[in-house]
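Notes to accompany the following structure.
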Amino acid sequence: MSSPHLDAASGAIADTVLLPGDPLRARFIAGRFLEEAVQVNSRRNMLGYTGLYRGRPVTVIGGGMGIPSTAIYATELARVHGVRRILRVGTCGGIGDVALGDVLLAQSGSTDSNFNRLHFGGHDLAACADFGLLRGAVDAAARLGMKARVARIFSTDCFHDGDPDLLSHLRRHRIQGVEMETAGLYGLAMREGFQALTIVSVSDLLDTGGSIPPMEREQGLAVIAELALESALQAIDAAT
């Protein structure tokens, strides 16, 4: 059945979903990696596709930018469409001893958002990845000969401006990536009972101002999409 923000038919969405922010990235991933891919969602132009990866059904769909947008889609995917694992794939700003193009596996998601506190009685929630997916990503990276590091991520509500002292706080706590979705996704996964993992590549260096050109960003997206798909296979097989 459809939901307020997804017009996919019942059974059209797989129980494993890759969730990039940009719907055009979803189309790119589906075309690059999925066999027999068909479009399953077009509402609000948030494109979604379901196909086969190594014979297993997988859906890739855009989730928008920021915790509120991601949470809307993740909630409906879990509650209405029975999704059991969501892997966010995207980019982040890097802090400290990271380089452009580095792949980060987000073990935890700190945040300046109030989203998790609203659901946790005003307390601080330790929003963390599913260990099975995280372990699968570490194993898959080794198999693929890919350098990927387990890292701490910070999800901010403010793309522009925000706390002027934020970077110093992040450096002090050895947080290596900044983006806008992970903490909310992990908190939601803990409440709704699905597995979640964020895999991101470093597209900008927040300490020095370096950035990756658009074409190289697409190449980086392909790398992390393959890693996400390979790590998801281990979780799919473990559940069957």
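Readers should treat all values here as calculations from the given coordinates under stated rules, not as data from a laboratory. Quick caveat: nothing in here was measured; it's all calculated off a predicted structure. When we count neighbours, we look across all protein chains shown, and the Cβ atoms used for this are built from the backbone with ideal geometry, even at glycine.
Label-to-label distance for Asp165 and Glu218 is 4.3 nm, based on points extended 7 Å past Cα in the beta-carbon direction.
Annotation: the residues Asp163, Asp112, Asp130, sorted from fewest to most other C-beta atoms within 10 Å of their own C-beta, follow the order Asp163, Asp112, Asp130.
Going from the fewest other Cβ atoms within 10 Å to the most, the residues Ile86, Ile67 appear in the order Ile67, Ile86.
The angle between the Cα long axis of helix 182-192 and the main principal axis of the chain comes to about 50°, on a 0 to 90 degree scale. Residue ranges 94-105, 32-43 sort as 94-105, 32-43 when ordered by packing (mean number of other C-beta atoms within 10 Å per residue, highest first). Go through (i) 26, 24, 23; (ii) 26, 20, 17; (iii) 30, 25, 16 and flag the label whose value is the computed semi-axes √(5λ) of the Cα gyration tensor in Å for this structure. This structure yields the entry labelled (ii).
Quick one: helix 214-239 against the long Cα principal axis of the chain, what's the angle to the nearest 10°, folded into 0 to 90? Once rounded, the angle reads 60 degrees.
Per DSSP H run of at least 4 residues, take -39500 (n - 2.57); add these up for the chain, divide by its residues and hand me the 222 nm value, nearest 500 deg cm²/dmol.
Numbers: 7 runs with 88 residues, N = 240.
Here the helix-only value at 222 nm equals -11500 deg cm²/dmol.
In terms of surrounding Cβ atoms within a 10 Å radius of their Cβ, Ser10, Ser201 rank from fewest to most as Ser10, Ser201.
Apply 1/(1 + (r/R0)^6) to the Cβ-Cβ distance of Ala126 and Ala99, taking R0 = 22 Å, and write down the FRET efficiency to the nearest 0.05. Using R0 = 22 Å, I get an efficiency of 0.20.
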